[in-house]
């Protein structure tokens, strides 16, 4: 199935949170397989995002990236940067994820915020 880059990042974040919980063997294996399936795509997305940040970040005289007092990176040409970042995050790639039934997670406490990306993705990783 095709997934947008933003969905891959959100699904990975949720699966990583679930992977820290004590689970039965079957759901733990499913989560691990899905994380492994998405690992390369996530790495490529993060590399491309970091290259965009490096390309459009304001730099000091010594070439280091400028950050504001709160740690945010200052971006030059924010409209162009935003357009290119949106293009990256809306790009699609194929992924073969394994669907989990929600009753396999019935013995754990998990936030709705963690499950939301899994339920909203096109394949409904958790149904």
Which whole-number percent is the relative contact order of region 2-120 (Cα, under 8 Å, 6+ apart)? 43 percent
In degrees, nearest 10, the alpha-carbon axis of helix 25-56 is tilted away from the dominant principal axis of the alpha carbons of the chain by 10 degrees
Two pseudo-spin positions, 7 Å from Cα along C-beta at residue 108 and at residue 43, lie apart in nanometres by 2.4 nm
If R0 = 22 Å, then residue 93 and residue 32, at their Cβ-Cβ distance, give a FRET efficiency to the nearest 0.05 of 0.65
If you line up the long axis of helix 5-19 against the longest principal axis of the chain, both from Cα atoms, how many degrees apart are they, to the nearest 10? 50 degrees
Taking the Cβ-Cβ separation of residue 53 and residue 19 as r and a Förster radius of 30 Å, what is the calculated FRET efficiency to the nearest 0.05? 0.65
Cα coordinate range in the chain, projected on the principal axes (Å, largest first): 55, 30, 21
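Using a Förster radius of 30 Å, what is the FRET efficiency between residue 116 and residue 86 based on their Cβ-Cβ separation? Nearest 0.05, please.
Details: r = 21 Å, r/R0 = 0.69.
So the FRET efficiency works out to roughly 0.90.
Each value in this text was obtained by applying a stated rule to the coordinates, not by laboratory testing. Computed from a prediction, not measured in an experiment: that's the story for all the values here. Here Cβ is always computed from backbone atoms with ideal geometry, including for glycine, and neighbour counts include all displayed protein chains.
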